[in-house]
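Colleague: The structure is given below, and queries will be raised subsequently.
The values are calculated or read from the model by the stated rules, or taken from the named source; none is laboratory data. Quick caveat, the model's predicted, so the values are computed rather than measured. Quick reminder, even Gly has a Cβ in these numbers, built from the backbone with ideal geometry, and neighbours come from all protein chains shown. Calculation scope for accessible area: heavy atoms of the full protein, side chains included, ligands and nucleic acids excluded. Shrake-Rupley method; radii C 1.70, N 1.55, O 1.52, S 1.80 Å.
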Amino acid sequence: MKAEYENVLDDHIGKIHFTYVNTWNQLLPAHWHEHLEIIYVLEGGITASINDVSYELKKGDIFLVNSNDIHYTYTHEDAKYYLLQIPPVHLERISTRWKGLKFQELMTGEEKYLNCQLGEIFQEIASLYEEKKEGYHLLVLSAVYRLLYLLSTEGIREEENTETAHGTVRDLERMKLCMEFVREHYGESISLADAAGLLSITPEHFCRLFRKYTGQTFLAYVNQIRMEHFHTDLLETDENITFLLDKNGITNYKGFLRKFKETYGEPPKEVRRSLRIGKNHL
């Protein structure tokens with residue numbers, strides 16, 4: 001789980017990232033990236049937020065995140081969806097002014113034409129990835145460009161000022177600065193006063209602003225970033241658990257370890273042991 005500027009790892013020769021996701025009650029914290037992101041919900045429900053606007057997604061809905069918009073998602077129960085992320089190298093071919101374009105964010109099953117067309121393209125891409133025949137990447141690119149054509153002709157958001165459709169540009173940049181600060185200093189002691197001071201606003205104003213754009217308190221956000229990095233270190237190193245807790249800025253060991261077990265289903269030692277047992281069976 002990432003809660004920062006996300007460096008999307010393209011897994012396709014055409015720099016397209018496409019994957020099938022199956023999660024259960026999972027929060028993907030607030031982050032942003034330059035890629036255009038599209039989610040096609042197959043089963044279950046998802047609460048999704050872009051900047052300061054929230055949506056409740058259900059089976060058949062298509063959710064779109066424009067480039068550089070702050071967003072987070074929370075999956076309810078057994079959620080299944082396709083995730084497609086398209087990098088700027090393809091977006092810039094839509095128009096020389098592609099950065100100013102804002103596409104419609106939610107296409108429900110009730111919006112038959114666009115939703116149906118996009119859904120069919122998602123299914124086509126999924127089949128191509130599953131079969132992976134020689135030259136399949138060319139067909140994936142063809143499908144992605146048909147998708148972009150549909151969005152650019154049928155899915156442009158109709159608003160007088162798309163740059164300030166959600167919140168304000170200033171507030172969005174403030175939140176990005178704050179999240180970047182957490183990303184760089186999560187291993188240190190970080191206080192609410194530090195974050196508010198960074199933005200030159202009062203702690204009270206900061207709390208309201210942060211929750212509005214991320215759906216979390218600042219403390220919950222910082223702890224989630226620490227947990228993400230702790231989990232990565234746990235799986236990728238042999239360092240003892242106390243060392244990793246200290247390395248990642250965690251001081252309340254008992255509270256953190258309780259939350260870790262809630263999130264991953266097992267205490268850290270068991271998570272590490274399970275990974276090693278799995279590797280030994282490969």
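Colleague: Where only protein heavy atoms count, and the probe is 1.4 Å, what is the accessible area per residue for the chain in Å²?
Modeller: Per residue, the chain has 53 Å² of solvent-accessible surface.
Colleague: Right, here's the next one. Along region 201-207, what does the Karplus equation 6.51 cos²θ - 1.76 cosθ + 1.60 (θ = phi - 60°) give for ³J(HN,Hα), rounded to whole Hz, x for Gly and Pro?
Modeller: With the stated coefficients, region 201-207 comes to 9, 6, x, 4, 5, 4, 4 Hz.
Colleague: While we're looking at this one, here's another question. Taking a 1.4 Å probe, which of D61, D52, D171, D238 shows the most accessible area, and what order do the others take after it?
Modeller: Result, largest first: D238, D52, D171, D61.
Colleague: Mind checking the angle between helix 136-154 and the chain's longest principal axis? C-alpha axes, 0 to 90 degrees, to the nearest 10.
Modeller: 80
Colleague: Okay, moving on. Tell me, what does the Kirkwood hydrodynamic radius of region 70-143 come to in angstroms if you use every pair of distinct C-alpha atoms?
Modeller: 14.9
Colleague: Along the positive direction of the dipole of region 9-118 (beta-carbon charges: Lys, Arg +1; Asp, Glu -1; about the Cα centre), which of G100, Q85, G45 reaches farthest?
Modeller: Positive-end residue among those listed: G100.
Colleague: Quantify, in whole percent, the carbon and sulfur part of the accessible surface of the chain (1.4 Å probe; protein heavy atoms only).
Modeller: Details: 7560 of 14890 Å².
For the chain, the apolar C and S fraction of the accessible surface comes to 51 percent.
Colleague: Follow-up. Amide H of K59: which non-local residues (sequence gap of 5 or more, or other chain) have their own amide H closer than 5 Å, using H built in the peptide plane?
Modeller: Sorted by chain and number, the residues that satisfy this are G44.
Colleague: About the Cα centre of the chain, how large is the charge dipole given +1 on each Lys and Arg Cβ and -1 on each Asp and Glu Cβ? Please answer in debye to the nearest 20. Working shown, then result.
Modeller: Working: 32 positive and 43 negative charges, 119 e Å.
Value, rounded to 20: 580 debye.
Colleague: Among E130, E124, what's the order by accessible area (1.4 angstrom probe), most exposed first?
Modeller: In descending accessible area the options line up as E130, E124.
Colleague: Test of understanding: what is the full-extension gain from T237 to I277, defined as 0.36 nm times their sequence separation minus their Cα-Cα distance? Walk me through the numbers before you get to the answer.
Modeller: Numbers: separation 40, 0.36 × 40 = 14.40 nm, distance 1.54 nm.
Length difference between fully extended and current span is 12.9 nm.
Colleague: Taking only Cα atoms of the chain, what ratio of Rg to Rh do you get with Rh as the Kirkwood inverse-distance radius?
Modeller: Result: Rg/Rh = 0.98.
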